[in-house]
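Report on the structure given below.
The values are calculated or read from the model by the stated rules, or taken from the named source; none is laboratory data. Since we're looking at a predicted model, the values are computed, not measured. For neighbour counting, all protein chains shown are included, and Cβ atoms are generated from backbone atoms with ideal geometry for every residue, glycine included. Protein only, heavy atoms only, side chains kept; ligands, DNA and RNA dropped before computing areas. Shrake-Rupley method; radii C 1.70, N 1.55, O 1.52, S 1.80 Å.
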Amino acid sequence: QKPLVESGGGLVQPGGSLRLSCVASGFTFSTYDMSWYRRTPGKERELVAVISSPGGTTNYADSVKGRFTISRDNAKKTVYLQMNNLKPEDTAVYYCNAFRLVINYWGKGTLVTVSS
């Protein structure tokens, strides 16, 4: 079983919205901090948003603050990224990450394309 599986990516016009989901399995989800990263060719991996375990504290990259919202549902073992007012520069592969102490799990990513 894959520890993290992302979904929800796709093609959207500038100004549109998408919600990404990441479903966890095989570990105690509620004890892990969760985050979303993104990667674009020519740029290093960027931390987009993070939410603490078990929830309540969030942080965002300046580039997405006010537009993106990270949330989690521990009963469903799922973390979400609501993306509003999308811009072409948001185009990237988005990765879900779980971390606790020295442990890290990664999904394989979901592609978000914001066309102009």
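Within a straight-line Cα-Cα reach of under 29 Å, residue 76 can be paired with the following lysines, leaving aside sequence neighbours fewer than 8 residues apart in one chain: 2, 65, 108. Taking a straight line from the alpha carbon of residue 87, these aspartates and glutamates sit under 20 Å away, with near neighbours fewer than eight places off in the same chain left out: 44, 46, 62. Enclosing the Cα atoms of the chain in their convex hull gives a volume equal to 98 cubic angstrom per residue. Annotation note: GluC sites (Glu not before Pro) in the stretch 26-114 located in DSSP loop regions with a Cβ neighbour count of at most 11 within 10 Å are 44.
Eigen-decomposition of the gyration tensor built on the alpha-carbon atoms of the stretch 1-63 gives equivalent ellipsoid semi-axes of 23, 16, 13 angstrom, largest listed first.
Give me the accessible area per residue for the chain, probe 1.4 Å, as a whole number in Å².
On the way: 6250 Å² over 116 residues.
Using a 1.4 Å probe on heavy atoms only, each residue of the chain averages 54 Å².
If you average the sequence gap of Cα pairs under 8 Å that are 6 or more apart and divide by the length of the stretch 15-116, what percent do you get for the contact order? Spell out each step's value before the answer.
Details: 204 pairs, mean separation 31.6, N = 102.
Value for the stretch 15-116: 31 percent.
With a Förster radius of 22 Å, plug the Cβ-Cβ distance of residue 104 and residue 19 into 1/(1 + (r/R0)^6) and report the FRET value to the nearest 0.05. Mind showing how you got there, number by number?
Details: r = 24 Å, r/R0 = 1.09.
So the FRET efficiency works out to roughly 0.40.
Given R₀ = 41 Å, what would the calculated FRET efficiency be for residue 28 paired with residue 115, taking r from the Cβ atoms and rounding to 0.05?
Working: r = 39 Å, r/R0 = 0.96.
So the FRET efficiency works out to roughly 0.55.
Apolar share of the accessible surface for the chain: 50 percent from carbon plus sulfur atoms, 1.4 Å probe.
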